[in-house]
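Q: Once you've had a glance at the structure underneath, I'll fire off some questions.
The values are calculated or read from the model by the stated rules, or taken from the named source; none is laboratory data. These figures come from a predicted structure and were not determined experimentally. Every residue, glycine among them, receives a Cβ derived from its backbone with ideal geometry; neighbour counts consider all protein chains shown. Note: accessible area is taken over every heavy atom of the protein model, side chains too, but ligands, DNA and RNA are not part of it. Shrake-Rupley method; radii C 1.70, N 1.55, O 1.52, S 1.80 Å.
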Amino acid sequence: MSQEIVEKIFHKTAEIAPHISSGLKNRREYAAKENPSGETQIEADIWANEFFKEAFTSIEGIGEFASEEEKDIVDCGGGVSVTIDPLDGSSNIPSNNIVGTIIGIYDKELPCSGRDMVASIVVVYGPLTTILRAEEGEVHEYVLERKESDGVELHLSREQIHLEESKVYGFGGREYDWTEKFKEFAEEVKENHKLRYGGALVGDVNQVLYHGGVFAYPELNSRPNGKLRLMFEANPMAFIFENSGGASSNGQKSILDIEPNSLHQRTPLYLANKALISLREEKN
Ligand code: F6P
């Protein structure tokens, strides 16, 4: 059952993605609204949310829909629960840098632990539009091509992604706000990795999945829970890493082992190969 619905959600996402990408050009301004985490929304955030919401809430087999842009969960019948960050990294839109869409699929009512995930789907609107699809033990990347007539074609571009090398790092937050333990970790990582940070989780994670290494948006002195949202951003990315030979952590344990207290809660996020996650956790 869950495989069938994952398939439907994956294909619906592929169908929507080119519309999102081409609709961004007229929606680069900030709107006078905030999302439930208190961040100012860009017009495109609101628009992309409506687009995905309308499409997903009418798919049979989706029971709950929750968006980073909305306070409450939408109950839409029986079936899997879907979380979405419709436009991750949207502060990159005015400067025309990478943004994406992050989707998590759970077979339990929200909010629930990442161990209840059955799949995650991540769209990267970059020079190419690509889609990562992760299910138990499998992570694949597809390039999306818009057909001249209507519709899209999916080309498998990376089969069974497996983290092997360890070349790049991207760390969020301002250095003066980093904790001593994180600074120690960062110094060791910097010795043999190259900086790659663009300010959109989708793009930064994609670089680490490609080149190997580590992404972190750590706990900060001013924000002990970091910036990123557990259900909307951290869990789907952790699911990808844990199914491609890597690991995830909040600094202490796997992201997927966190039992959430609320839908919009934040967490420090580390995504890397297993050795670097162990190095970070040993610093505690
Ligand atoms: O949560 C939104 C987001 O844009 C993420 O995609 C990204 O990882 C992070 O915020 C970037 O934050 P900062 O602007 O502090 O580097």
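Q: Would you point out the residue of region 152-182, among those that are part of a loop (DSSP other than H, G, I, E, B) and within 15 Å of P218 (Cα to Cα), that is nearest to the ligand (Cβ to nearest atom)?
A: Within region 152-182, the subset part of a loop (DSSP other than H, G, I, E, B) is 159-167, 172-174, 179.
From what's left, within 15 Å of P218 (Cα to Cα): 172-174, 179.
Values: G172: 4, G173: 6, R174: 8, T179: 16 Å.
Taking the candidates together, the pick is G172.
Q: Could I ask something else about it? Would you tally the residues in region 90-100 being hydroxyl-bearing (S, T, Y) and either at pLDDT 95 or above or more than 16 Å from the ligand (Cβ to nearest atom) (or both)?
A: Restricting attention to region 90-100, the residues satisfying the condition of being hydroxyl-bearing (S, T, Y) are 90-91, 95.
Cutting the leftovers down to either at pLDDT 95 or above or more than 16 Å from the ligand (Cβ to nearest atom) (or both) gives us none.
Qualifying residue count for the region: 0.
Q: So, one more: Which of the residues belonging to region 36-89 are away from the ligand (no atom under 16 Å from the Cβ), surrounded by fewer than 20 Cβ atoms within 10 Å (Cβ to Cβ) and among the hydroxyl-bearing types (S, T, Y)?
A: Passing the criteria: T57, S58.
Q: With the checklist (1) within 16 Å of the ligand (Cβ to nearest atom); (2) touching a residue at least 24 places away in the same chain (Cβ under 8 Å) in hand, flag the one item F185 doesn't pass.
A: Failed condition: (1).
Q: Now for a separate question. Taking the options S149, S222, name whichever one is more than 21 Å from the chain's Cα centre (by Cα) and within 16 Å of the ligand (Cβ to nearest atom). Don't jump to the end; show me each part of the working.
A: Details: S149 fails: within 16 Å of the ligand (Cβ to nearest atom).
Going through S149, S222 in turn, just one is more than 21 Å from the chain's Cα centre (by Cα) and within 16 Å of the ligand (Cβ to nearest atom): S222.
Q: Anything in region 119-133 that is part of a loop (DSSP other than H, G, I, E, B) and closer than 15 Å to H155 by Cα? List them, or say none.
A: Looking only at region 119-133, we keep the residues that are part of a loop (DSSP other than H, G, I, E, B), and these are 126-128.
Residue satisfying the conditions is L128 alone.
Q: Same structure, new question: With the condition kept exactly as written, say whether any residue in region 101-111 is part of a helix (DSSP H, G or I), within 16 Å of the ligand (Cβ to nearest atom) and closer than 23 Å to D204 by Cβ.
A: Narrowing region 101-111 to residues part of a helix (DSSP H, G or I): none.
No.
Q: A follow-up question, please. Return a yes/no flag: does region 222-234 have any residue that is within 23 Å of G23 (Cβ to Cβ) and either open to solvent by 10 Å² or more (accessible area, probe 1.4 Å) or touching a residue at least 24 places away in the same chain (Cβ under 8 Å) (or both). Quick ask: steps written out before the conclusion?
A: At the first step, the residues of region 222-234 found to be within 23 Å of G23 (Cβ to Cβ) are 232-233.
Checking which are either open to solvent by 10 Å² or more (accessible area, probe 1.4 Å) or touching a residue at least 24 places away in the same chain (Cβ under 8 Å) (or both) leaves us with 232-233.
The answer is yes, given that some residue of region 222-234 is within 23 Å of G23 (Cβ to Cβ) and either open to solvent by 10 Å² or more (accessible area, probe 1.4 Å) or touching a residue at least 24 places away in the same chain (Cβ under 8 Å) (or both).
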